[in-house]
Amino acid sequence: MSSYVERVYEHVVEKNESQPEFHQAVKEVLESLIPVFEKEPRFEKYKILERITEPERVIMFRVPWVNDNGDIQVNRGFRVQFNSAIGPYKGGLRFHPSVNLGIIKFLGFEQIFKNSLTGIAMGGGKGGSDFDPKGKSDNEVMRFCQSLMTELFRYVGGRIDVPAGDIGVGAREIGYLYGQWKKITQSYEPVLTGKSLEFGGSLIRPEATGYGSVYFALEMLKANNEEIKGKTCLVSGKGNVAQYTTEKCIELGAKVVTLSDSGGFIYDPEGITKEKLDYVFELENVRRGRIKEYAEEYGVDFYPGERPWKIKADIAFPSATQNEIDGKVAKILVDNGIIAVSEGANMPSTAEAIDIFHENKIMFGPGKAGNAGGVATSGLEMAQNFSFTSWNRNTVDKKLHDIMINIHKTAYNAAKDYGETGNYVLGANIAGFKKVANAMILQGHW
Ligand code: NDP
Ligand code: 2IT
C-alpha cells in the first residue's frame, strides 16, 4: 500500500471499530486507487480520502411498532447519507436481522462509486433496519414501515435523499413507506423508487438489477470472444436479483441450474425453465416460501445449509448477500472451470476470492459495476416522475442496456489506462472515484 492509502485505511479501522464489512469495502477501493494518487497528487493534497470515507451524515433512530399480539417491539433504523457531491443521496433500504451500522456504511460507501458509474446525477446513501420481515404478517410489516417513515420523512425527499429496495424491501414495503410519507408531507415527489406502476413506478425497475448483471456479463464475454448462449450458470439467492438474473439468462439461451436462500440451495441439472421460474416468483413474492419447496415440487436435490458454488458451471452470478464466496470457494469455482463471475449482490466475494479470480484470469465484474443497473433504473424512474411521464418497457430496457454497456466500457478503459486491462475492480473503482473526487474539489473544502 502507498503511505497515503495506508495511513487513511489505518485511521478508518481505528475510528470505526467493529465494522468489518465497512473496512473491507474501504480497503478494496483504496487499494485500487494507489496508482491514481501516484499520477495525481492533488487528491492527497485536498484530503479526498479522509473526506470520502467519512459519511456526510449518519441518522440512527428508534422504530417502535406493535405486533399482531399487541406486544410493543423496538427495532433500530438507519440512514447513512454518505456523499452528495454529484447528486441527491440515493440507495436502498435493507431489512434484515443482521443489519448494523457497519453493514449500512459498507453499502453506502459502495453506492457512492456505483452511482457515479451510472452517469446519472446521484450521490451515495443507504439505510435499513434490523427488522426481520420473515414470518411477519402484512399488517405487521405495514405498521413497521409506517413507524420507520414517521422518523425517516424528516431526512428524505426527491431532491435530497431517495431510498429504494434492497434485501427484505420490495414493492410491498416501498408501497407502505410511500403511503406514510405522503400522509405526513401531503406532497408528490419521487421520494422513493421501486414504486408499483400504479403510483409512479417504472417498467423494468423490478427486472433491472438482474437484467443489468447479465448485460454486464455479456460485455465481459464479448470482450473475450465468448458468448452466453449454451453456458451453464450458477445463481445464488432466490429474491429480486436472482429471479431476474435467471429470467434473462434463460431468454438468452443459457442454462441456470441453481438458486438458494439462507436454508440451502437447489440443483436442477436440467435447468430452470420459464415455467419453473414462474413457480419461484409465486413462491418468493406471493407465498414467501423457502427454496427447499422447489426441490420437492420438481424432484431435484436440495443441499441444506450449503451454497451453490461446488456445482460445475461456466458463469456464476452471486445474487444473495455479502461474503458468500471466500478464497476456498473461489478455488473450487476455478478448479471447476468457471470463466466469468458477475456480482448481482453487493460485495459477495471476499478480497481473497477476487485475487484468486484475477490470478486465474477469470472475467470478474464487481458489484458496483455488475449490479449498478438497479440504481440506474431508479434514476430513470426519478426522471420519469419529475417529468410526469412514463416510458414503455422497450425504452427503459434499452436505456438500461446502454447504461450497462457504458459502465463496462468505462471500467474497461480506466483499467487499460492504468495498464491493468481486464481488471474491472480497478477500472470501476478508479472511474467511479475520479468523478466524485473532482466534484468534491470543484465544490471547495466542505
Ligand atoms: P431479496 O430480499 O429479494 O433476496 C435476498 C435473497 O438472498 C434471499 O433469497 C435471501 O434468502 C438471500 N439471503 C439474504 N441474506 C442472506 C444470508 N445472510 N445468507 C444467505 N442468503 C441470504 O434481496 P435482493 O434480491 O434485492 O438483494 C440481493 C443482493 O443484491 C443484496 O446483496 C443486495 O444488496 C443486492 N442488490 C440489490 C439491488 C436491488 O435493486 N434489489 C440492487 C443492487 C444490489 P432468505 O430468504 O433465506 O433470507
Ligand atoms: O444496492 C443497490 O444499488 C440497491 N439496493 C438499489 C438502490 C436504488 O436506489 O435503487
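Quick notes on this one:
- The residues of the stretch 280-317 that are in contact (Cβ under 8 Å) with a residue 60 or more places away in the chain, in contact with a strand residue (DSSP E or B) (Cβ under 7 Å, 6 or more places away or on another chain) and in a helix (DSSP H, G or I), listed by number, are Pro308, Trp309.
- When Pro190 is tested against (1) more than 13 Å from ligand 1 (Cβ to nearest atom); (2) closer than 30 Å to Gly271 by Cβ; (3) under 21 Å from the mean Cα position of the chain (by Cα); (4) not small (Gly, Ala, Ser), just one condition goes unmet, and that condition is (2).
- Flag: Ser349 matches the condition of being within 16 Å of ligand 2 (Cβ to nearest atom) and without any contact (Cβ under 8 Å) to a residue 60 or more places away in the chain.
- Among residues of the stretch 119-134, those that are away from ligand 1 (no atom under 11 Å from the Cβ), open to solvent by 10 Å² or more (accessible area, probe 1.4 Å) and not acidic (Asp, Glu), counted: 3
- Within the stretch 378-388, one or more residues are closer than 22 Å to Gly119 by Cβ and in contact with an Asp or Glu (Cβ under 8 Å, 6 or more places away or on another chain).
- Pairs meeting the criteria (first residue in the stretch 106-117 and within 18 Å of Val13 (Cβ to Cβ), second residue more than 13 Å from ligand 1 (Cβ to nearest atom) and part of a helix (DSSP H, G or I), beta carbons under 7 Å, at least 6 apart or on different chains) are Phe106/Phe22; Phe106/Gln24; Phe109/Phe22; Phe109/Val26.
Let's see how each residue does on (1) out of contact with any Ser or Thr (no Cβ under 9 Å at 6 or more places or on another chain); (2) of a type outside the set (Ser, Thr, Tyr); (3) in a helix (DSSP H, G or I):
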{"residue": "Lys361", "(1), (2), (3)": "yes, yes, no"}
{"residue": "Ala369", "(1), (2), (3)": "no, yes, yes"}
{"residue": "Glu381", "(1), (2), (3)": "no, yes, yes"}
{"residue": "Gln384", "(1), (2), (3)": "no, yes, yes"}
{"residue": "Thr389", "(1), (2), (3)": "yes, no, no"}
{"residue": "Ile403", "(1), (2), (3)": "no, yes, yes"}
{"residue": "Asn406", "(1), (2), (3)": "no, yes, yes"}
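- Some residue of the stretch 66-77 being acidic (Asp, Glu), free of Cβ contacts under 8 Å to residues at least 24 places away in the same chain and more than 13 Å from ligand 1 (Cβ to nearest atom): yes
- Test for Gln73: is it surrounded by 15 or more Cβ atoms within 10 Å (Cβ to Cβ), on the phi < 0 side of the Ramachandran plot and more than 23 Å from the chain's Cα centre (by Cα): yes
- Output for the stretch 261-271, where each listed residue is closer than 17 Å to Ala320 by Cβ and open to solvent by 10 Å² or more (accessible area, probe 1.4 Å): Asp261, Ser262, Gly263, Tyr267
- Breaking point among (1) away from ligand 1 (no atom under 16 Å from the Cβ); (2) of a type outside the set (Gly, Ala, Ser); (3) under 17 Å from the mean Cα position of the chain (by Cα), for Val99: (1)
- Restricting the stretch 198-210 to residues that are within 11 Å of ligand 1 (Cβ to nearest atom) and either acidic (Asp, Glu) or touching a residue at least 40 places away in the same chain (Cβ under 8 Å) (or both), the residue that is surrounded by the fewest Cβ atoms within 10 Å (Cβ to Cβ) is Glu207.
- Top-ranked residue in the stretch 191-214 [being among the β-branched types (Val, Ile, Thr) and more than 15 Å from Ile174 (Cα to Cα); ranked as farthest from ligand 2 (Cβ to nearest atom)]: Val214
- The single residue among Val375, Val334 that is open to solvent by 10 Å² or more (accessible area, probe 1.4 Å) and within 16 Å of ligand 1 (Cβ to nearest atom) turns out to be Val375.
- Search result, residues across the stretch 375-428 that are more than 14 Å from ligand 2 (Cβ to nearest atom) and among the acidic types (Asp, Glu): Asp397, Asp402, Asp417, Glu420
- Screening Val241, Val162 for residues that are aliphatic (A, V, I, L, M), within 16 Å of ligand 1 (Cβ to nearest atom) and in a helix (DSSP H, G or I) leaves exactly one candidate, Val241.
- The residues listed here are Thr258, Thr246; of these, the one that is in a helix (DSSP H, G or I), within 22 Å of the chain's Cα centre (by Cα) and surrounded by 18 or more Cβ atoms within 10 Å (Cβ to Cβ) is Thr246.
- Lone unmet requirement of (1) in contact with a strand residue (DSSP E or B) (Cβ under 8 Å, 6 or more places away or on another chain); (2) more than 16 Å from ligand 2 (Cβ to nearest atom); (3) among the aliphatic types (A, V, I, L, M) for Leu218: (1)
The values are calculated or read from the model by the stated rules, or taken from the named source; none is laboratory data. No experiment lies behind these values; they were computed from the predicted model shown. Backbone-built Cβ (ideal geometry, glycine too); neighbour counts: all protein chains shown. Ligands, DNA and RNA are excluded from the accessible area calculation, which covers all protein heavy atoms including side chains. Shrake-Rupley method; radii C 1.70, N 1.55, O 1.52, S 1.80 Å.
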